[in-house]
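One structure is given below, encoded as structure tokens.
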Amino acid sequence: VEQGGLKVITTLDLEKQKIAEEAIEKNEENLKKFKANNAALVAIDVQSNEILAMVGSKDFFDETIDGYVNVTTSLRQPGSSFKPVVYAKAFEKGYTPETILFDVVTNFGPDGTGKDYIPKNYDEKERGPVTVRKALAGSLNIPAVKTIYLAGLENVLDLAEKMGYSTFKDRSRFGLAIVLGGAEVKLLEHTAAFGVLARQGFKIPTFSILKVENPQGKVLEEKQEPTPEKVLEPQIARQINSILSDNEARAFIFGEKNYLTLPDRPVAAKTGTTQNWRDAWTIGYTPSLVTGVWVGNTRGEEMKKGADGSK
């Protein structure tokens, strides 16, 4: 590429790439405030699944933050941003956005380490009977664990792999806590999986290269138009999209004025925060664009308390 005259045409949209880099630069003070040293962002065209912008870290050349590490393809725990996959599986099994779940502290028995698994909500409150819509929109933890219990862990992992996650191979490592983000994902695959929802349940491969030509102009490699594969019923994708774009349903946790809306159009969004504030995520999407953002410390040190995805 550097000396032989190869011409590589990528899917990057230069304007969007600049906007992505500026967004991270602009939030430098915010990162410092929450004791985070890094951020990553990936944006994908929903219709073609082409990567339009990718910022692997805040500064490639900053060795103090391992800036050369591409966080978009690194393993990180997704926190609650994994919940939509679990609820999608529950909808496949016949549950609906109106199904009632009981948000009361529950002991789910031994968690594999000899301790009982008793999840708590983010704010440590209980709300009694709540609809699935309210539970997912408000990202309540206890109903989410009940949902994966009802949907079946193996079934959820099967659906996740169908949606494009490649990091769930060793299933002996996972338990019910996966619904709260207890298993690592890659930001790139995680964002592409939300693209499946935006595409009404259809998966296509993620592309970053359109064409490779040799110095004589001969095409060595070219993107082939993929055949979309249906991995979710469109109606189920629409139900998840409806919940994740319902600002009224999430207001009881996030407030009516939050960062998860756009002024001029509906947008679906899901946040995630891992234990001890190590990772903060937000994935947002419209029918044309899906964007995933991660914030944290490259080596996994804790951020300041309160550094959650909704910030």
For this session: Using the Cα centre as the reference, give the magnitude of the dipole from point charges on the C-beta atoms of the chain (Lys, Arg: +1; Asp, Glu: -1; all else neutral), rounded to the nearest 20 debye.
Result: 680 debye
For this session: Highest first, please rank the peptides 288-295, 53-60 by the mean number of other Cβ atoms sitting within 10 Å of their residues.
Result: 288-295, 53-60
Exercise. Could you give the accessible area per residue of the chain, probe 1.4 Å, as a whole number in Å²?
Worked result: 50 Å²
Seminar exercise, completed: Once all protein chains are kept in place, Arg265 shows an accessible area at probe 1.4 Å, nearest 10 Å², of 120 Å²
For this session: For n ≥ 4 DSSP H runs only, could you compute -39500 (n - 2.57) per run for the chain, divide by its residues and tell me the 222 nm figure to the nearest 500?
Result: -8000 deg cm²/dmol
Seminar exercise, completed: Placing each pseudo-label 7 Å from Cα in the direction of the beta carbon, Glu248 and Glu154 end up separated by a distance in nanometres of 4.1 nm
For this session: Filter the cross-link list Lys162/Lys211; Lys146/Lys304; Lys162/Lys230 down to pairs whose alpha-carbon distance in this structure exceeds 21 Å.
Result: Lys162/Lys211; Lys146/Lys304
For this session: Could you pull out every one of the lysines with an alpha carbon less than 16 Å from that of Lys218, ignoring same-chain neighbours closer than 8 positions?
Result: Lys7
Seminar exercise, completed: For the range 1-68, whose charge dipole is built from +1 on Lys and Arg Cβ atoms and -1 on Asp and Glu Cβ atoms, the candidate among Ala53, Ala36, Leu14 with its Cα farthest towards the positive end is Ala36
Exercise. Expressed as cubic angstrom per residue, what is the convex hull volume of the alpha carbon set of the range 15-118?
Worked result: 214 Å³
For this session: Using a 1.4 Å probe over the heavy atoms of the protein chains, calculate the carbon and sulfur portion of the accessible area of the chain as a whole percent.
Result: 51 percent
For this session: Taking the dipole about the Cα centre of the chain, with the C-beta of Lys and Arg at +1 and of Asp and Glu at -1, give me whichever of Asn27, Ser80, Met163 is farthest to the positive side.
Result: Ser80
Exercise. Under a point spin-label approximation (7 Å from Cα along Cα-to-Cβ), what is the Glu256-Thr96 distance to one decimal in nm?
Worked result: 2.9 nm
Exercise. Given a Förster distance of 35 angstrom, what is the FRET efficiency for Asn276 paired with Gln235, based on the Cβ-Cβ distance and rounded to 0.05?
Worked result: 0.40
For this session: Answer rounded, prolate or oblate for the range 182-311, using the Cα gyration tensor with square roots of eigenvalues a ≥ b ≥ c: rounded when a/c is under 1.5, else prolate when a/b is larger than b/c, else oblate.
Result: oblate
Exercise. How would you order 75-81, 207-213 from highest to lowest mean count of nearby Cβ atoms within 10 Å?
Worked result: 75-81, 207-213
Seminar exercise, completed: Under the 7 Å Cα-to-Cβ spin-label approximation, Glu302 and Lys33 lie apart by a distance in nanometres of 2.1 nm
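The values are calculated or read from the model by the stated rules, or taken from the named source; none is laboratory data. All figures in this text were calculated on a predicted structure; none of them were measured in a lab. For neighbour counting, all protein chains shown are included, and Cβ atoms are generated from backbone atoms with ideal geometry for every residue, glycine included. The area values use the complete protein model at the heavy-atom level, side chains included, leaving out ligands, DNA and RNA. Shrake-Rupley method; radii C 1.70, N 1.55, O 1.52, S 1.80 Å.
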